[in-house]
Amino acid sequence: MTQININGRTREVDADPATPLLYVLRNDLELNGAKFGCGLGQCGACTVLVDGEAVFSCLLPLAALDGRAVTTVEGLGTPEEPGPLQRAFVEEQAAQCGYCIAGMIMRAQALLARTRTFSEQDLREHMQPNLCRCGTHMRILRAVRRAAAAMRAAEAVPLRKEAAR
Amino acid sequence: MSKPDLAVSDNSRRNRGADRKPGRWAWRGLAALVAIAVVAGAAFAAIAWRPELAPVVTPARAAFAPQDIETGAALAAIGNCDVCHTVPGGKFYAGGRALPTPFGTIYATNITPDPATGIGRWSEEAFRRALRSGVARDGHHLYPVFPYDHFIDVNDGDSHALYAFLMTRTPVEQSALPNDLPFPFNWRPVLALWKALYLHHGGFKTEAAQSADWNRGGYLVEGLAHCGACHTPRNAQGAERRDRKFAGGSSEGWDAPALNQTSPAPVPWTREQLFAYLRRGVDDVHGAPAGPMAPVVHNLARVPDADVRAIATYVASIADAPSPAAAANAPTRPAAPTTVTSTTELSGAAAIFAGACGGCHSGLPGASAVDIARSTAINAPDPRNAIRVVLDGITPPPGERGPLMPPFAGAFTDQQIADVLSYARARAGRHPAWNDLGSQVKAIRQGQSKT
Amino acid sequence: MTTLAPSRRQVVAGGGALIVSISLGATRALAQGPQAAPPTPPLPGSLKGAPMLDSWIRIDADGAVTVFTGKAELGQGIKTALLQVASEELGVAMPRIKLVTADTATTPDEGYTSGSQSMPNSATAIRNAAAQVREILLARAAERLSVNVERLKIRDGIMIADDGSSVGFGELVGNEVLHVAAQPTSRFKEPSTYTVVGKPIARVDIPAKVTGGVAYVHDLRLPGMVHARVVRPPSYGARLAEVDPGSVETMPGVLKVVRDGSFLAVIAGREYQAVQAMWALAQTARWIDAKQELPDQAAIYDYLKKLPSRDTTILDRGMIASSSSVHSATYHRPYQMHGAIGPACAVALYADDSLTVWSHGQGMFPLRRALAELVGLPPDKVRCIHMEGSGCYGHNGADDAGGDAALLARALPGRPVRVQWMREQEHTLEPYGPAMTTGVTAALDRGGNIISWQYDVWSNTHSTRPGPAGSLLAGLAVASPFPAPPPAVIPQPEGGGDRNAIPIYAIPNAQVVHHFIPDMPLRVSAMRALGAYMNVFSIESFMDELAKAAGVDPVEYRLNHLDDARARAVVRMAAEKFDWRARSASPRGRGRGFAFARYKNFAALCAAAVEVEVEHETGAVRLVRAVAAVDSGQAVNPDGIKNQIEGGVIQAASWTLFEQVTFDRRQITSRDWSLYPILRFQAVPERVEVHVIDRPGQPFLGTGEAAAGPTAAAIANAVADATGARIRELPLTRQRVKAAIGV
């Protein structure tokens, strides 16, 4: 029995410690966001956050997760109350088949957690590990920029209030 | 133009300005010292001074035979010129790349034919002199990070071809950044002493008894390809140790494994394996190039098969590589029991290895990457290559076919990486455990985050 | 019958619905056509195959509206577009309409979701059905409320008379009033009054996709479900000589090793257990390669052209020989793969002598026929339900995975079996887009205009879709293998290898020959745009070569040979938005290219203008920006069209710059993304613009495949503009461009 922290909750998982997190998420915890794409760390469809870093969950065994915090796309929000990135992806209609999108969002989340200000080149380099086959790249990039702008604006509001005082 | 080379450094000028007026009692001693200094200086100047060579008008493309430009392109690829003389993502051959050395940081120069900031006004003679003896057209000494200690034996024809190639590149106006070196290393004439000690002909001598292939390979490996620059250890003066040729060195924080009999590769390299590795960027038995070796192999893709084969032939001979037949018959160590077919659950590092590494590095037929038991990095005396590959992965150039290993920096803690590497080394079963692996992982990771 | 697979009766019985008519038998009869007396003139779109209105639209007594389509959501946004069309003509808000997509038990048989035909076929059917349903309901409401139809308005499923009285749709649908045959013509809403169609409505499927909802067949989790993996042969047609299942059967969680001839698989309780068991099982398997080795990749085009071919002259407008200006060129396209990000997956349940399969294949009805044959059940005992998958871009491993799941479910009755392919299985076993060669010769008059045109295209088939059981990998592998069906030509005007082989330009003398090559050294089938990708690449590259020979601007040159007003409008729009005329001296290494095509010569029109930068030292091509103009007829969802064209441009850029399947004499060597690289973010252009020309009231044309060919040719033309080197072999890799431009 392994204890892992998923989206802020401690969950007990009874699986072979060698089992990659991806299978645990999808089958044991019934979280659909992370997808099997290659099992080789080449495509990023399975990307989740572990301690804030974007990682390939297809190559991250349960044995390595003790005491570490995992965040999946389900942890960012719901259809009713989407997180900033999820909202931005909907607003930009940044999906075609959508199979890669949860991984894209999680990779972008790692960037936005670090900084809200980045160059276009930084963004593209950051997203490089994740593949999209439908060609939705332009919209994905727009959505990440939109989310960053929204987050910056949200953070600027209290500052402006302060300045007004 | 020779004067600036002999001018004293900024530091010494400042020191002199700070001197108080000497007292009368000191005059005689000082005069004697000056006399000695003048004589010594004159003698040193005679050694260190190099004339400026006359500038020329940049030759037009038509001045060169197309075949020479073509040959020069392949030679430049063998010489790996673009790697140092190009900022990643920047204009080709325009210089500017920082080259860290134990003595300070040197910035690569612009070798495009731009007249003002590049080598556009260099005659072929000036180019040849720079290539073989590390002296710029204006006579100043160049640092041996430019491996003229290897290029010294480049023949006239190849020098001409390289000149033809470089003079027909797109000129880029981009001044070289000033080097970041402390005194005395920022005083270029000191390089004359270095050259007197370490710059010699004869790194390679043709051997009639050997095949043409071997001789061609030797000429390239010891010369333009400057393999020893990384794969031979260096002394305190930064020169390659001739007594330990190809015994393994380092480059950009990576180990450059020994190419001689002390190679840590568990399976000796054959000529054919070296050829596959250098030609296609992967050998099924030994794996794929990583770190600073990756661009070397990438460049070799532009080199004719024959030259790559020649290089493989010569490098194989350095370690006295087995013939293909002998290699095939050599008893190979049975692969360690594989974890992926285990019928029992694993724990700790073994489980991490099975879930993260085993899919590719299992050593089973059809596995997509090198058997971990045969990995040179896992069997090397120094763990840093293994650590770096696990942290950074291996990424082929964008859009290109090539080995791809994901980075695990975010996936695992320092201790987990240390544990899984220890496990892999133990699994290979050839060498005792590395010491203090956890802190080495930590140090390398922190070093990375700084840059 | 099982609880997991709702039966026909349950579905039909649900909630006092109207649709008593589409019993399986009836649907099949309708689908197959001949028994249902076709009214004349022909019914529009897919109504031809399923003419009853309630095959398409069902209204429950409580007013709930359900729309049925035989098409499937492939990520192209078809659900949203169909809902828009239904909502508009019915007068019911989109959120109140439920859409049921391809399911052999409930929806009309619309064959495959392919060829950009969902809008022309399914949306057209739904639009007509919705309009006719609305008219029927209006008439009934008028009767019920005792008012003239003219005095009725529709507001979200409610008929309201000008006197304030009202009646809901649900109250009007008794007595099977919608169980009537469709009429050939409908009274449509006036396009200028549209409130839903033509609007960039947000896609209905995206919220679940960005929040981890159940969105794909991969996410389907049925009670008691188990996991399977298949061990595939190392090369095409290799036979399984021996295997030792014993050591694998004792592995943790393994429920069963299944072997049937050369079909080898393992079923386990947990997914990773199945993966581990598959690896272990593979180690014990010994295969014997088929006698036939693969051709030499380096000489593949010569090899293909030397194979026997069946030649058809698909255009013969006469030829004239005499001209002082004759130009020729030959073009090549390698095998390229669909490369779905998610490997194929299917879930199957075999119980009570019936089979239910959830699949992301493109055709549930054709798949049902193949699976019925494979497992030996009558088709009415097999139900195929579409669930979304990773984008497919044509015929990939999806149907094969359905076959795998069916065999495995039969081996473990009563348990739902989920099977997913591994990455290397999808990469090496999916049917690729075929390698092709084209040759073209044209003669110009003194003014530089084209006076004659001879075009030849050599290609394998572009569809090996199921088909019988022998079109599935599992069907070929079992101990008593099913025969592989002979490869078929897709006839003009759609065409397969010859899709878009006929030039759209006004050329007085022209001949086009399709050389159909039946022998398939590599497994091939339909990939987005089929032959149109290569034919448009060839024709539009050559148009630039001719424009250069004629000394005419490439855009002008095309306009000089284009009569059709809509074609001219699309070309002009792309050129104008790109600012084609404002041609300043490009910086060194930069170039611009243009191309145009009308998909299949009767579907969407698309022009693309691109700018590229070529790095001289490496030959690397960077797509800097792309501007596309598209005319898809009446634009139902302009943002959906933009999304499809943007995606088409980027995907085609990836094919064109990077992609080719590699193989040695024994096997496919493009085993994963490292060995079949595709475009990643750093190669994405700075800008992609799509301009939609809306044609209200015009037929829907379908958009998904329109951008592929024009993008490829525009890039090649831009590379030629940047470097002076014309490259006629795809892809335009760094090495190939470098070789062409020299040192």
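None of the figures in this text is laboratory data; all of them are computed from the coordinates on show. The shown structure was predicted, so the numbers you read here are calculated from the model rather than taken from an experiment. All Cβ positions, glycine included, derive from the backbone under ideal geometry; neighbour counts span all protein chains shown.
Is any residue of segment B:373-413 close enough, with backbone N under 20 Å, to a label point placed 7 angstrom from the Cα of A:Asp122 along the Cα-Cβ axis, and if so, which? Output list for this probe position: B:410. At q = 0.11, 0.18, 0.21 Å⁻¹, what log₁₀ I(q)/I(0) does a Debye calculation on the Cα points of segment C:588-705 give, no solvent, two decimals? Results for segment C:588-705 at q = 0.11, 0.18, 0.21 Å⁻¹ read -0.47, -0.96, -1.12. Helical runs (DSSP H, four residues minimum) scored at -39500 (n - 2.57) apiece and divided by the length of the protein assembly as shown put the mean residue ellipticity at 222 nm at -10000 deg cm²/dmol. Distance from the alpha carbon centroid of segment C:309-342 to that of segment C:595-647 works out to 21 angstrom.
If R₀ is 41 angstrom, what is the calculated FRET efficiency for the pair B:Thr101 and B:Ala62, using the beta carbon separation as r and rounding to 0.05?
The computed FRET efficiency comes out at 0.55.
Quotient of the Cα radius of gyration of segment C:394-517 and 2.2 N^0.38 Å, N being its number of residues: 1.53.
Calculated FRET efficiency, A:Ala156 to C:Glu242, Cβ-Cβ distance, R0 = 60 Å: about 0.30 to the nearest 0.05. For chain C, the residue among C:Ile201, C:Thr711, C:Ile539 whose Cα projects farthest onto the positive side of the dipole built from Cβ charges is C:Thr711.
Taking the convex hull of the alpha carbon positions in the protein assembly as shown and averaging its projected area over all directions gives 62.3 nm².
Dividing the convex hull volume of the alpha-carbon atoms in segment C:253-328 by its residue count gives 259 Å³ per residue.
Note: relative contact order over chain C, using C-alpha pairs below 8 Å and six or more positions apart, is 13 percent.
Segment B:98-172 and segment C:404-482 have Cα centres lying 54 Å from one another. Our estimate of slack between C:Ala61 and C:Arg155, defined as 0.36 nm per intervening residue step minus the Cα-Cα distance, is 32.1 nm. Report the FRET efficiency, 1/(1 + (r/R0)^6), for B:Arg241 and C:Arg588, where r is their Cβ-Cβ distance and R0 is 30 Å, rounded to 0.05. The computed FRET efficiency comes out at 0.05. Could you give me the percent of Cα pairs per 5 Å distance bin for segment B:135-198, shortest bin first, beginning at zero and ending with the bin that holds the maximum distance? The distribution over segment B:135-198 is 4, 12, 17, 24, 20, 14, 8, 2, given as percents. Each pair of Cα atoms in segment C:569-639 enters the Kirkwood radius, and Stokes-Einstein at 37 °C and 0.692 mPa s then converts it into a translational diffusion coefficient of 242 µm²/s. Placing a pseudo-label 7 Å from each Cα along the Cα-to-Cβ vector at A:Glu81 and B:Arg430 gives an inter-label distance of 5.7 nm. Legend: translational diffusion of segment B:231-312 by Stokes-Einstein, Rh = Kirkwood radius over C-alpha pairs, 25 °C, 0.890 mPa s; D = 181 µm²/s.
Building the convex hull from the alpha-carbon atoms of chain B and averaging its projection over directions returns 26.9 nm².
Take every DSSP beta bridge whose two residues both sit in chain C; close to 75 percent of them are antiparallel.
Measuring between their Cα centroids, segment C:149-227 and segment A:68-101 lie 27 Å from each other. Placing unit charges on each Cβ (+1 for Lys and Arg, -1 for Asp and Glu) gives the protein assembly as shown a dipole about its Cα centre, and among C:Ser674, C:Asn396, C:Ser116 the Cα reaching farthest toward its positive end belongs to C:Ser674. Could you list the residues of segment C:320-358 with an amide nitrogen less than 12 Å from a label point located 7 Å from the Cα of C:Arg446 in the Cα-to-C-beta direction? Flagged as within label range: C:324.
Placing unit charges on the Cβ atoms only, positive for Lys and Arg and negative for Asp and Glu, gives segment B:120-180 a dipole magnitude near 140 debye about its Cα centre.
In the calculated pair distance distribution of segment C:189-321, what percentage of Cα-Cα distances lie above 17 Å? Could the numbers behind the result be given before it?
Numbers: 6676 of 8778 pairs.
Roughly 76 percent, once rounded to a whole number.
Considering all C-alpha pairs of chain A, those separated by over 26 Å amount to 29%. With a simple spin-label model that places each label point 7 Å from the Cα along the Cα-to-Cβ direction, the separation between A:Ala69 and B:Glu173 comes to 5.3 nm. Here the peptides C:639-649, B:281-291 are ranked by packing, the mean other Cβ count within 10 Å, and the order with the highest first is C:639-649, B:281-291. Pairs spanning more than 18 Å between alpha-carbon atoms, out of C:Lys48/C:Lys189; C:Lys71/C:Lys98; C:Lys71/C:Lys189; B:Lys91/C:Lys738; C:Lys548/C:Lys600; C:Lys577/C:Lys642: C:Lys48/C:Lys189; C:Lys71/C:Lys189; C:Lys548/C:Lys600. Size of chain C: Rg and Dmax of its alpha carbons, in Å, are 26.9, 86.
Span-like helix criteria (full DSSP H runs; alpha carbon extent of at least 27 Å along the helix axis; mean Kyte-Doolittle hydropathy of at least -1.0) are satisfied in chain B by B:27-48. With θ taken as phi - 60° and the Karplus curve 6.51 cos²θ - 1.76 cosθ + 1.60 applied, the whole-hertz 3J(HN,Hα) list for segment C:41-50 is x, x, 6, x, x, 7, 4, 3, x, 9 Hz, x standing for glycine and proline.
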